[in-house]
1. What list of ³J(HN,Hα) values in whole Hz, one per residue of region 99-112 in order, does the Karplus curve 6.51 cos²θ - 1.76 cosθ + 1.60 (θ = phi - 60°) give from phi, with Gly and Pro shown as x?
2. Roughly what would the spin-label model give for Thr99 and Lys143, points 7 Å off Cα along C-beta, in nm?
3. With r defined as the distance between the Cβ atoms of Arg157 and Thr54 and R0 fixed at 22 Å, what FRET efficiency is calculated, to the nearest 0.05?
4. So which aspartates and glutamates pass the test for Lys91, namely a Cα distance under 16 Å, with those fewer than 8 places away in the same chain ruled out?
5. Under 5 Å between amide H atoms, partner at least 5 residues away or on a different chain: which partners does Ile90 have, H built in plane at 1.01 Å?
6. Which trypsin sites (Lys or Arg not before Pro) from region 56-100 combine a DSSP loop assignment with at most 15 other Cβ atoms within 10 Å?
7. Report ³J(HN,Hα) in whole Hz for each residue of region 77-91, in order, from the Karplus equation J = 6.51 cos²θ - 1.76 cosθ + 1.60 where θ = phi - 60°; Gly and Pro get x.
8. Too long at a 26 Å Cα-Cα cut-off: which of Lys105/Lys143; Lys68/Lys118; Lys111/Lys134?
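All of the numbers you see were taken from the coordinates with simple rules; none came from a lab. Computed from a predicted structure; not experimentally measured. Counting neighbours? That spans all protein chains shown, and the Cβs are built from the backbone with ideal geometry, glycine included.
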Amino acid sequence: MKRFLSSLLILLTVFSLALGGCSVSRKPAPKPAPPSRVTPAPTRTPAPKPAAPTAHALATKLASAAEKVEGVKSATVVVSGSTAFVGLEIKPGIEAKKTNEIKSKVADAVKRADARIKAVNVTTDPNLVTRLKKIAEGIRAGKPISSFTRELTEITRRMVPKGKVK
C-alpha cells in the first residue's frame with residue numbers, strides 16, 4: 001500500500017507538472033501607458049508688439065474724424081495705401097457752396113487724423129457713396145482691398161481729389 005501511494009503521488013506530480021508546465025500561459029495584454037502630461041517649461045518671450053491697425057480700423061478712425069466736421073451727417077471711408085476715399089452724406093438744407101467747404105474741411109480732418117494718409121478723395125455723390133459703402137462692407141467681410149482695385153479706379157476718375165500728394 002505504501003508503494004501504491006508513493007506511485008500515485010509521483011504520478012500526480014508528473015501529471016500536474018505536465019499540465020501546468022507545458023500549457024501556454026496566458027498573460028494579460030499590457031495596458032497602454034496613460035498619456036504623459038508634459039508641461040512646457042515657462043520661457044521668457046518678449047511681449048508681442050501691438051499689431052499695426054488694420055485697414056478697417058484705420059477707415060473707422062478716419063470716418064469718425066470726418067463725421068466731426070460740422071454739416072456732415074455720416075461718412076464712409078475706404079483706405080488704399082496712402083489714399084483715403086471718403087463718401088459723405090451732408091445734413092439736409094446745406095447749400096452747394098457750403099458743401100465744397102465741408103469737403104475741404106473733411107479732407108483736412110482726415111489728413112490730420114493719420115499721418116500716413118497723403119491723398120484724400122471726397123465725394124457727396126450718392127451713387128459713389130453707395131459704391132464706397134459696398135466696398136467697405138466687402139473689406140469688413142474679409143475681402144482684400146486688391147479685389148476692389150478696378151472699382152476704386154473708376155470712383156477716382158469720377159471724384160475730384162481734395163488733397164495733394166506730398
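1. Here the 3J(HN,Hα) series is 4, 4, 5, 4, 4, 5, 5, 5, 4, 5, 5, 5, 5, 5 Hz.
2. Distance between label points: 2.7 nm.
3. Efficiency, from the Cβ-Cβ distance: 0.25.
4. Glu67, Glu70, Glu101, Asp125
5. Lys73
6. Filter output for region 56-100: Lys68.
7. Each residue of region 77-91 in turn: 10, 10, 10, 10, x, 9, 10, 10, 9, 10, x, 10, 10, 8, 4 Hz.
8. Lys105/Lys143
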